[in-house]
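Structure first, commentary second.
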Amino acid sequence: MSDSSTSFLSKLPYRGRFAPSPTGPLHLGSLIAALASYLDARKNSGTWLVRIDDLDPPREVPGAASSILESLQRHGLHADEDILRQSERGSAYNKTLEQLHSRGETFLCDCTRAMLGPLGTCQQSCAEHQHAVARPAATRIKVPANTKVEFRDQLQGQQTLSPDTNNFLVHRKDGLYAYQLAVVVDDAYQGITHIIRGSDLLDTTPKQVYLQQRLGYSTPAYCHIPVISNAQGQKFSKQNHAPALDNKKAAANLRAALEFLMQTRPPSKLANTEELINFAIAHWSTELIPGVMSIQATPDAERL
Ligand code: GLU
């Protein structure tokens, strides 16, 4: 994937990643994202990493991280380097928060949920009344009203800042680091050049690009693929009880994921995961993936 705005990336060694949150086992939706990032990395002779985004212990399901890692292995998706866990990265996130704070780019905010605006923005001018802010407080990044952030998503086209980017959270009141902060710090730390993930994360990306700019990091190339939805139009997700993948049916699962991504169908004589993956790498093309936000699962896929 490349265009003029990301041409400098083509000079860097390709590094991609799959970064699941351990909130449940791997399901077809997450396999699709993992497979797409894996195939794109392999096709570009790149490195593919797996990171466990275990940033939010209350949302974590015990055993989910190891179950996801096991499923990836069983589906032939092998990471090239050790797994990074966000739960072990607190000091890096803290250092970044201190850096932003020392430059006057953040402010404390003690607004309750009810006090925040409809988009979760601080409307009580906490930034101007820092001495009056009660602890514990959240930390927000200042985003000046006229800020312009633009980037081009390979599939979804030109994107710009959404209104809820105003003063977004980088550290939560309950002491947890915000996803936006952690993802940016870790993608930079891991030297990620290409991010392929579900379109449900498209609207978080301008915030990440803004943080990258404030921190002097380069912006990776982004490609947000459609998410799979059920017959009710809901995203196939752990929250919507998407069924866990059966590792014993890895070959069928890979075929379903490739079909969803509109890739060349592997011949039926290819029966094992390794052969399927090798075929899929050889025939991989992001251009075949529809540039839409979601696609409804076929009844077959819902039964996997
Ligand atoms: N951990 C996030 C999730 O599972 C994805 C992070 C990312 O790909 O940037 O939704």
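Nothing in this text is a laboratory measurement; each read-out follows from the coordinates by a stated rule. All values reported here derive from a predicted model rather than from experimental measurement. Don't worry about glycine lacking a Cβ; one is built from the backbone with ideal geometry, like all the others, and counts go over all protein chains shown.
Assorted remarks:
- Of all DSSP beta bridges in the chain, antiparallel share, percent nearest 5: 45 percent
- Projecting the Cα atoms of Asn247, Val209, Gln263 onto the charge dipole of region 195-301 (Cβ charges, centred on the Cα centre) puts Val209 farthest toward the positive pole.
- Cross-link partners of Lys249 among lysines (Cα-Cα below 28 Å; sequence separation of 8 or more within a chain): Lys43, Lys235, Lys238, Lys269
- Most to least packed among 28-40, 94-106 [average Cβ atoms within 10 Å]: 28-40, 94-106
- Counting only lysines at least 8 places from Lys148 when in the same chain, those with an alpha carbon closer than 28 Å to its own are Lys11, Lys95, Lys173, Lys207.
- Once you reduce region 177-224 and region 92-126 to the center of their Cα atoms, the two points are 19 Å from each other.
- Helical mean residue ellipticity (222 nm; -39500 (n - 2.57) per DSSP H run of 4+; nearest 500) of the chain: -9000 deg cm²/dmol
- Peptide packing for 179-185, 199-205 was compared via the average number of neighbouring C-beta atoms within 10 Å per residue; ordered from the highest value, the list is 179-185, 199-205.
- The antiparallel fraction among DSSP beta bridges confined to region 145-224 stands at about 55%.
- For trypsin sites (Lys or Arg not before Pro), the sites in region 212-304 that DSSP calls loop and that have at most 13 other Cβ atoms within 10 Å are Lys269.
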